[in-house]
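A short worksheet on the structure shown next.
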Amino acid sequence: MNIPMIIKAVGFLAVLSIPALGFSDYVLHIAISALLWGFIYTGWSVMGRFGLVSLGHGAFMGIGAYMVTMLWNHAGITPWIGIPVAVVVSMAVGFMIGFPCFRFRITGHYFALVTLALSEVVRLLIVALRDYTGGSLGVTPDSVISADTPNSFIAMQFSDKVTWFYIVVAVWVVGLLVWRAVDRSMIRYAMEAVSQEEDAAASLGVHVTRTKLIVTMISAGMTAVGGAIYGQYQLYINPETTSGIAISLQIVFAAIAGGMFVQLGPTVGAVITLLLTEGLRQTVGHDVHGLDVMIYGAMLVLFIIYMPRGVLGRVIEVFENRTGGTSGPTTQPRPQPGE
Amino acid sequence: MLELKNVSAGYGTFQALFDVSLEVRAGEAVAVIGPNGAGKTSLLRVISKVIDLNGGEIAMEGVSLNDVPAHKIIEMGIAHVPEHRRLFPRLTVEENLKMGGFIASARSHFDERLAYVYELFPRMKERRHQLAGTMSGGEQQMCAIGRGLMSGPKLLLLDEPSAGLAPVIVQQVFDLVRRIREEGYTVLIVEQNIQQVLKVVDRAYLLEVGQIKMSGSSRELLENDDVRRAYIGL
């Protein structure tokens, strides 16, 4: 067992023990949010780390949140079925947007622009279908819990934050495992090759379109799960907080800030953004509208210029340079000593 | 082994190849020579199906490649070492070689072929943990050829292996090509460095503006007055 493993194990036990430490509901809420967003950002980085920069993941989050709530409110279908349905729909949308892009080689900035449009399309659709979705006002999943029955398994509604905490921890861990599975598969090599030299990768036998689609669909599916859990936890969703440009850019910012090339980077990004938002809310309040977004924007520029590997990526890099260790391939250039 | 019949290809409305027919027999080394813009690279790219075939027929060991997509060509035993190497610059040498053995049928042979490539090019073994993009041009060419060998191909397509390299290194690259030949690979090589390439191949085709203008043994082409005047400067 090496040092990073020990740090991970201790860190994980520390996370698990958060509810037992007697924090207030507010702290628990922040912890739940950090892990849930960490999961969503991890989902984004599954494709983002390979140069498939999506500015439209709000679309998949919106699909996840709204599919599940709509199925429950209008058809009485439990979220336990709703979530898999939402994942399938989200993957199908990922396929629909990905296939033409990848087949006709829309890459880089152009791909990002296509995805940007997608997130707005989903947001506008949610608003336009207001008879069903509640439009801009948002919607609440029909509640079945009350003082007498505080929890409903079927409705996936729990009034107890500790229960939510453990659900979200489980989802987050699954997210990290998916990230690692991709990281250790041939798909990772294939995608790194594709992102660096697409034609060369194809002539080595990489089915470029299919490989990109697999990664995109995994990412879309994960984000849909995140959106669905978000809706069930908050018991309120609206188009602005689950879809559209703002949320999509927040996802990109957090994943880059934390470090999209390392497993826990997106989670660190979630902690950073939450601390920033909550910190601003407590110090500045709501008087300066849009201040957090402005700071996000400025920080994004700074991160991309000075710390493209993100906070955690940078920390690991410094640590490795000290100890002389290597962590295998990275997507960012790393100078190597010559002869 | 490889046969092209009346092949036409191009990019969009621009046609790069007109009615090109050529043949590479098993065990042979064949060069396609010609000036800049003659369509030499396009010729290899159409064999690899990286660009679409507009007409004619391509067959490998009697099997038509016309409907085979780019990522399946390597499974037919054809490895393409592209122009300017096209290594994955931010992967290490060993990872680049690993990508060369990406196809399912090559993965079980990975260790033995890696050992073989390292034996052939000991320099690559020394550099195996270095990022490919940080190596010199000659080393990168070595890595690109090694990557091509990792799939265990029957036919190696080499696109301008000497391009962009210093004269001293060019010599070394042609030595590499000679060694690949001695290893028994069938080679189709495209080159502008005509005098050098004709020394390492058996036969050659002269390609000009997308058409085959001449073909023959290397000796015939070397001794041909037109070729000498136009391309060798004698």
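Quick one: length gained pulling A:Ala20 to A:Leu291 fully straight, 0.36 nm per residue minus the C-alpha distance?
Full-extension gain reported as 94.1 nm.
Which pairs break 20 Å Cα to Cα here: A:Lys212/B:Lys154; B:Lys98/B:Lys154; B:Lys98/B:Lys199; B:Lys72/B:Lys213; B:Lys49/B:Lys98; B:Lys98/B:Lys125? Beyond 20 Å between Cα atoms: A:Lys212/B:Lys154; B:Lys98/B:Lys199; B:Lys72/B:Lys213; B:Lys49/B:Lys98. Here is how the number arises for the protein assembly as shown: DSSP H runs of 4 or more residues each give -39500 (n - 2.57), the sum is divided by the residue count, and the result at 222 nm is -18000 deg cm²/dmol. In summary, the helical segments of chain A meeting the span-like criteria, namely a full DSSP H run, a Cα extent along the axis of 18 angstrom or more and a mean Kyte-Doolittle hydropathy of at least 0.5, are A:3-16, A:25-48, A:57-75, A:79-103, A:108-128, A:161-183, A:208-234, A:244-258, A:265-283, A:291-306. With a Förster radius of 30 Å applied to the C-beta separation of A:Ser185 and A:Val284, the computed FRET efficiency comes to 0.10.
Classify the range B:62-195 as rounded, prolate or oblate, taking a ≥ b ≥ c as the square roots of the eigenvalues of its Cα gyration tensor: rounded when a/c is under 1.5, otherwise prolate if a/b is larger than b/c and oblate if not.
Note, shape of the range B:62-195 comes out oblate.
Taking the Cα centre of the range A:24-242 as reference, the dipole from Cβ charges on Lys and Arg (+1) and Asp and Glu (-1) amounts to some 480 debye. Take every DSSP beta bridge whose two residues both sit in chain B; close to 55 percent of them are antiparallel. Counts of other chain beta carbons within 10 angstrom of each beta carbon in peptide A:191-198 average 5.
I need the shape label for chain B. Rule: rounded when a/c is under 1.5, else prolate if a/b > b/c, else oblate, with a, b, c from the alpha carbon gyration tensor. Verdict is oblate for chain B. The label-point distance for B:Glu126 and A:Ala147, in a model that sets each label 7 Å from Cα toward Cβ, rounds to 8.2 nm. Under the convention that each Lys and Arg Cβ holds +1 and each Asp and Glu Cβ holds -1, the size of the dipole of the range A:216-330 around its Cα centre is about 240 debye.
The calculated FRET efficiency for A:Ala128 paired with A:Tyr166, based on their beta-carbon distance and R0 = 45 Å, is about 0.75. Dipole magnitude for the protein assembly as shown: computed about the Cα centre from +1 point charges on Lys and Arg Cβ and -1 point charges on Asp and Glu Cβ, it is near 560 debye.
When the trypsin sites (Lys or Arg not before Pro) in the range A:55-141 are filtered for DSSP coil states and for at most 13 other beta-carbon atoms within 10 Å of their beta-carbon, the remaining sites are A:Arg105.
Since every read-out is calculated from the coordinates, none of them should be taken as a lab result. The structure displayed is predicted, hence computed values, not measured ones. With ideal geometry, Cβ positions are generated from the backbone for all residues, glycine too; neighbour counts draw on all protein chains shown.
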